[in-house]
């Protein structure tokens, strides 16, 4: 009786919620930065990338958690990789079939989800030691935490760099270009993604002081 | 001590800015302006009690004085290039030429100071720091390294970017890794490339753009050299009668500033000299293996062209972002010279390599210092062991 927890108990909800804030994979754990720089020049690819990562982390966590008692410890990394790789290939094929243009834009970065440290990290740190349902929620939460930052960064990069939101040209619509405004070419280059992530971390830490390390 | 004039004014209004006073929110502004006029009365309570009279503020004001010749010549050159392009040079008086330039340069300087100091004051107040004088220099250097046709809002954005990201994020004056003025220029260079290169940005034509003289080109000598036509008078480049960023054209005016900096001990002659050496050596090597007209430009011309002199004298010597150790300064400066000429000549996309070279070496300056210090420690340990 006592060990049967409610599906959406506070503990389980925290698994889902924490990665969005105090234990965000990008801004707090600083994982998955590479793809955050590469696919955030526009919102659409960032959204597709986020959804892909959410699906892969959630399902990989679930599958590994189901298998956790049967995986020999010494080959667990290989097993994890096989699971992630299969999921990534599935996602890649689906993207190619249904959103071919975005898939082309994302190019190798879909395949490189395999190497995204967030996924492997969650498998090692959580799924191997927890039951399927919490693991699934944890994967969902971390994928979403990653996606949240990706989409925020992509929003600002597309707005300031290309003057549009989801391809809709805001700058021309408001008429800013007529009074001399110009899009910022640096926002489209990846260094600016790094700086944008840095600014988000700055804001995050100054709002949540518990994140600041002791000196 | 009873004061007079401005001092009296400050003393009278001080209570309002102290804790509990109604204008406490502007305390850092008050202190900033007070220390602008007077030496701070704060004394040390423990430790060393003797302080050098050259504090940060004096250093900064000396640098500002050192750029005055460059600034004045820059203003004149803006007018000179304008009337030359229109073919009106013979019929315009010197005063008119200068005033034309003055009126075009002044707004850039005002925007730079307003935005930069505004942000500095805001940060000082939020963090409870004193206001640092660091921006006094950055604020005058930024306009000097920009083309005259840069829109003012872009200047404002670049200043905000450099002060917030390159300086305050790292902890304010004295903590920055890169020279803030160069960060502002690099920001504009990559964000709005159309306004930072080409042949239309260096000369202000205003609404008379249609009436330029025959055979006129607004490109800089380096911009022209890229297209294969090496066509400039090297002495024009030395005195500064060429198109270019506001303050960078006159090597002569920059040399005046350099002498001032070296005599007052503010700027490091080691860095200036080693940067020049690096450029000369690289220039000679490139001359020796030249395969195109750009590479054939005599090595010593490079010292007068583009932003080289300005970078070597005012940017590379920034005491915060440069190397600190003596041997480190030689290495740091030499590599700036080498990289500046390599980027300038061998990479067609960046004729202005000096900016990138200095920023790159700023990044490596702490590493250079680290190895110089470690090497020193090792040598002394060895000596101690041998004598031991």
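Assorted remarks:
- Applying the criterion of being within 14 Å of another protein chain (Cβ to nearest Cβ) and not in a helix (DSSP H, G or I) to the residues of the range B:131-169, the residue that is surrounded by the most Cβ atoms within 10 Å (Cβ to Cβ) is B:150.
- Any hit, the range B:196-203, residues being surrounded by fewer than 19 Cβ atoms within 10 Å (Cβ to Cβ) and either within 23 Å of residue A:196 (Cβ to Cβ) or not assigned by TED's automatic domain parsing to the domain that holds residue B:78 (or both): no
Residue-wise test of (1) in a loop (DSSP other than H, G, I, E, B); (2) at pLDDT 85 or above; (3) assigned by TED's automatic domain parsing to the domain that holds residue B:280; (4) more than 11 Å from residue B:276 (Cα to Cα).
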| site | (1), (2), (3), (4) |
| --- | --- |
| B:311 | no, yes, yes, no |
| B:320 | yes, yes, yes, yes |
| B:333 | no, yes, yes, no |
| B:348 | yes, no, yes, yes |
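- Residues that are out of contact with any helix residue (DSSP H, G or I) (no Cβ under 8 Å at 6 or more places or on another chain) and modelled with pLDDT of 75 or more, drawn from the range B:216-239: B:220, B:233, B:235, B:236
- Selection over the range B:84-94 of residues that are assigned to a helix (DSSP H, G or I) and either touching a helix residue (DSSP H, G or I) at 6+ places or on another chain (Cβ under 6 Å) or surrounded by 10 or more Cβ atoms within 10 Å (Cβ to Cβ) (or both) gives a count of 4.
- The one condition in (1) surrounded by fewer than 18 Cβ atoms within 10 Å (Cβ to Cβ); (2) away from every other protein chain (no Cβ under 14 Å) that residue A:126 fails to fulfil: (1)
- Tally, over the range A:173-189, of residues that are surrounded by 15 or more Cβ atoms within 10 Å (Cβ to Cβ), assigned to a helix (DSSP H, G or I) and more than 8 Å from chain B (Cβ to nearest Cβ): 1
- Selection from the range A:155-172 of residues that are in contact (Cβ under 8 Å) with a residue 12 or more places away in the chain, in a helix (DSSP H, G or I) and more than 10 Å from chain B (Cβ to nearest Cβ): A:155, A:156, A:157, A:158, A:171
The values are calculated or read from the model by the stated rules, or taken from the named source; none is laboratory data. Here the structure is a predicted model, which means the values were calculated and not measured. No Cβ is skipped: glycine too gets one built from the backbone with ideal geometry, and neighbour counts run over all protein chains shown.
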